[in-house]
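Since the structure comes first, as structure tokens, the remarks are kept for the end.
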Amino acid sequence: MKSYSIILERANAQVANMGLNYNIRPDNKSILISKNYLTDEELARLLDLDNRILSDMETWPVVNTCSKLISLISQLLESNNGVLNYFNNDMRNAKEHAKNQYQIFRNI
């Protein structure tokens, strides 16, 4: 699931805490971070993925340029079906949706 999809599906002024994880208080910044809408189980799976990435990186050859590192990380993310794209129209639309829901939430 893409990060913008999480925001579009879960940012909702009509539900408790605006759909954010119970540990997160809704504010102008927290509503725009897709990770804040994840359940505890989903956060645990994300942490597991992070740990696997770090573990895999230990076996990578020495990287001596940023472009090589970015390329290696991109390959790993794509192989894990997890490319998160924050710089496209879908993400801008999701952030706008979250902002609109937050305005409604604040007025309830």
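Observations, loosely collected:
- Quarter of the Cα convex hull surface for the range 17-77, i.e. its orientation-mean projected area (nm²): 5.4
- The gain in end-to-end length when the Glu58 to Leu46 segment is fully stretched comes to 2.4 nm, 0.36 nm per residue minus the alpha carbon separation.
- Annotation: lysines with alpha-carbon distance below 23 angstrom to Lys2 (same-chain offsets under eight excluded): Lys29, Lys35, Lys95, Lys99.
- Exposure proxy shown here: for Met1, Met18, Met91, the number of other Cβ atoms within 10 Å sets the order, fewest to most, as Met1, Met91, Met18.
Read-outs: derived from the displayed coordinates by stated rules, not from any lab. Only a predicted model underlies this, so the values are computations on that prediction, with no experimental measurement involved. All Cβ positions, glycine included, derive from the backbone under ideal geometry; neighbour counts span all protein chains shown.
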